[in-house]
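Working notes, beginning with the structure itself.
Only the coordinates and a few stated rules stand behind these numbers; no lab work does. If you're wondering where the values come from, they're calculated on a predicted model, not measured in any experiment. Backbone-built Cβ (ideal geometry, glycine too); neighbour counts: all protein chains shown.
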Amino acid sequence: MYGIVWALGLFRGIMMVLCLVVALSFWTIKWMLNGLRWKL
């Protein structure tokens with residue numbers, strides 16, 4: 001039982017980290033595209 005709770009907590013933590021990485025990469029790409037557009 002305890003192992004299941006620990007696994008769920010670990011999974012939730014990994015999902016939160018993945019969401020943060022995806023959000024950061026999305027904003028970085030968007031910012032880079034805006035910068036390229038201004039240069040052109």
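What the Cβ-Cβ distance of Lys39 and Leu18 gives, at R0 = 35 Å and to the nearest 0.05, is a FRET efficiency of 0.65. Model label points for Trp6 and Trp27, set 7 angstrom from Cα along the Cα-to-Cβ axis, are 3.4 nm apart.
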